[in-house]
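The values are calculated or read from the model by the stated rules, or taken from the named source; none is laboratory data. Not measured: the values here are computed from a predicted model. Please note: Cβ atoms are built from the backbone with ideal geometry, for glycine as well, and neighbour counts cover all protein chains shown.
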Amino acid sequence: MASAAVLWFGEVMSAVPLRNNKAAAPAIRSVTVLGATGSIGDSTMDLLRASRDRYQVEALTANTNVQGLAKLAKEFGARFAAVADPDRLTELKDALAGTRTECGAGESAVIEAAARPADWVMAAVSGAAGLKPALAAVDRGATVALANKECLVCAGDLFMQRAAKAGACILPADSEHNALFQALGSGNREELVRVIITASGGPFRTWASADIEQATLAQALKHPNWSMGQKITIDSASMMNKGLEVIEAACLFALAPEEIDVLVHPQSIIHGMVEFSDRSVVAQLGAPDMRTPIAHCLGWPDRIVGPAAKLDLAKIGQLTFEAPDFDRFPALRLAYDALRAGRGTTTVYNAANEVAVAAFIAGKIRFGAIARLVEATMEAWMRSGNLAPLTSADDAIAVDHNARNKAVTLLPQIALKAS
Ligand code: NDP
């Protein structure tokens, strides 16, 4: 991964616009929101609602939530609405009867939504299902606000190369990467020493390993600072989310694993920092509210008015920091292992985690077994000798698929094994 990153660093630069090479934003922007009914989708629609005259909604998508999708499509006068579940087309058409919104259903309709000519696309489908739609937006050279980290974790090199080739502009919407995106503009590649991604530490930050092992779903869903979807909240508790973010940063900014540090910062006020060669460290701060990084992406290259609470550092009083604990949170260590192994291993890391989290939610495995299942699946993958660079989305999807199958076969023995 490190050498690949160095090789195509120039190409990556043309996809993530790090320096101030700002082009004028159109007066009225056409926008598409993939995953409009989710948590990120909701924050995005909230921002669009606040400036209705500046945006025309081209397309909106959901997985199964037809009523939520239809409500948004009506409110925003969307030209196209797509639901991924192929059996829900009639329900969607009925819900949008009498409007001018065209309807589509199935995976191909979600891809079509992304391919339609919007200037700006929010890629906020959850999971690996977001890859093909995001690639459809990238391939037509759109400006893509990327929330779906799985696109990069599953097929990072491929994704960034396709973006560079098509002249797409990738704007990091994840709060930590958006912070790095804002801070990186203070220097150039040669001057960069490292980036620092902060982590709240999640609900189990101070817990002993034995207690983390037995944590319940309700405990895992109690995030101290952020309000997010269920899957990402569980990933935050295991620190798998931070692992995914380490991989995401490596792909977005063409960094080697050694150039990415994680710092536990329980208040979640500093989202990311960049250290330069003169030892200046440039940080981005803000209240923990996803509408701030999304507003930065929506306004880019300008800044728009954001609805988050004003940051009051005097009231907060103290910002504290701790080193991450790789023993109590093995998912984070495994992310660095996957990044160093490269060639599909990060895809396996993500796929195995999706299986593990679903099994945990279904009560089939303990919380502590999530990382064990990921580790066992990665080991099986590395032993298989199948490691090769991913050259197409179908390659990435095949590795993802095989890893899921492997994780499912390993599940019973992991479920039985105590920590
Ligand atoms: P949610 O689960 O809240 O929403 C996911 C959205 O994707 C919904 O609109 C859902 O539709 C849709 N969707 C789910 N599966 C499919 C599918 N197979 N095909 C098409 N659409 C699908 O997730 P979040 O909004 O929390 O997260 C979205 C992405 O953003 C994730 O990759 C996450 O890691 C990332 N992210 C999220 C953050 C957050 O604060 N929430 C922060 C940073 C990154 P439906 O409603 O019908 O199920």
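As an exercise: evaluate GLY344 against (1) farther than 19 Å from ARG404 by Cβ; (2) in contact (Cβ under 8 Å) with a residue 24 or more places away in the chain and give the number of the one condition it does not meet. Failing condition for GLY344: (1). Which members of the range 26-42 meet the condition of being hydroxyl-bearing (Ser, Thr, Tyr) and either within 15 Å of HIS296 (Cα to Cα) or more than 9 Å from the ligand (Cβ to nearest atom) (or both)? Within the range 26-42, SER30, THR32 meet the criteria. With respect to the conditions (1) farther than 22 Å from ALA215 by Cα; (2) at pLDDT 95 or above; (3) among the hydrophobic types (A, V, I, L, M, F, W, C), LEU387 falls short on a single one, namely (2). The residue of the range 228-251 that is farthest from HIS265 (Cα to Cα), among those that are in a loop (DSSP other than H, G, I, E, B) and within 11 Å of the ligand (Cβ to nearest atom), is GLY229. On the stretch given as the range 209-227, residues that are surrounded by 14 or more Cβ atoms within 10 Å (Cβ to Cβ), of a type in the set (S, T, N, Q) and within 16 Å of the ligand (Cβ to nearest atom) total 1. When you scan the range 27-34, do you find a residue that is at pLDDT 95 or above, in a helix (DSSP H, G or I) and crowded, with 20+ Cβ neighbours inside 10 Å, even just one? No, the range 27-34 contains no residue that is at pLDDT 95 or above, in a helix (DSSP H, G or I) and crowded, with 20+ Cβ neighbours inside 10 Å. Within the range 198-237, being out of contact with any strand residue (DSSP E or B) (no Cβ under 6 Å at 6 or more places or on another chain) and aliphatic (A, V, I, L, M) holds for ALA208, ALA210, ILE212, ALA215, LEU217, ALA218, ALA220, LEU221, MET228, ILE232, ILE234, ALA237. Is the range 146-153 home to any residue that is surrounded by fewer than 23 Cβ atoms within 10 Å (Cβ to Cβ) and among the polar types (S, T, N, Q)? Among the residues of the range 146-153, not one is surrounded by fewer than 23 Cβ atoms within 10 Å (Cβ to Cβ) and among the polar types (S, T, N, Q), which makes the answer no. Taken over the range 376-404, the criterion of being over 23 Å from the mean Cα position of the chain (by Cα) and part of a helix (DSSP H, G or I) is satisfied by ALA376, GLU379, ALA380, TRP381, MET382, ARG383, SER384. Restricting the first member to the range 242-261 and to residues that are in contact (Cβ under 8 Å) with a residue 12 or more places away in the chain, and the second to residues that are aromatic (Phe, Trp, Tyr), the beta-carbon pairs closer than 6 Å and six or more apart or on different chains are ALA254/PHE9; PRO257/TYR336.
Within the range 141-194, being more than 15 Å from the chain's Cα centre (by Cα) and within 16 Å of the ligand (Cβ to nearest atom) holds for one residue alone: GLN182.
Scanning the range 271-294 for residues that are surrounded by fewer than 19 Cβ atoms within 10 Å (Cβ to Cβ) and aliphatic (A, V, I, L, M) yields a count of 5. When ALA249, ALA308 are screened for being closer than 25 Å to ARG194 by Cα and among the aliphatic types (A, V, I, L, M), only ALA249 passes. The residue list LEU131, LEU92, LEU96 contains one member that is of a type outside the set (D, E, K, R), more than 23 Å from TYR55 (Cα to Cα) and at pLDDT 95 or above, which is LEU92. The number of residues in the range 58-95 being of a type in the set (A, V, I, L, M) and in contact (Cβ under 8 Å) with a residue 40 or more places away in the chain comes to 3.
In the set (1) surrounded by 13 or more Cβ atoms within 10 Å (Cβ to Cβ); (2) modelled with pLDDT under 95; (3) charged (D, E, K, R), the condition left unmet by ASP302 is number (1).
Any residue at all in the range 173-183 that's surrounded by fewer than 18 Cβ atoms within 10 Å (Cβ to Cβ) and either more than 25 Å from ALA256 (Cβ to Cβ) or touching a helix residue (DSSP H, G or I) at 6+ places or on another chain (Cβ under 8 Å) (or both)? Taking every residue of the range 173-183 in turn, none turns out to be surrounded by fewer than 18 Cβ atoms within 10 Å (Cβ to Cβ) and either more than 25 Å from ALA256 (Cβ to Cβ) or touching a helix residue (DSSP H, G or I) at 6+ places or on another chain (Cβ under 8 Å) (or both).
With respect to SER209, determine if the residue is in contact with a Lys or Arg (Cβ under 9 Å, 6 or more places away or on another chain), hydroxyl-bearing (Ser, Thr, Tyr), under 30 Å from ILE361 (Cα atoms) and modelled with pLDDT of 95 or more. Judged against the criteria, SER209 is a match. When ALA145 is tested against (1) at pLDDT below 95; (2) within 19 Å of ALA114 (Cβ to Cβ); (3) in contact with a helix residue (DSSP H, G or I) (Cβ under 7 Å, 6 or more places away or on another chain), just one condition goes unmet, and that condition is (1).
Considering the range 405-419, and only residues there that are among the small types (Gly, Ala, Ser) and assigned to a loop (DSSP other than H, G, I, E, B), the residue that is surrounded by the most Cβ atoms within 10 Å (Cβ to Cβ) turns out to be SER419.
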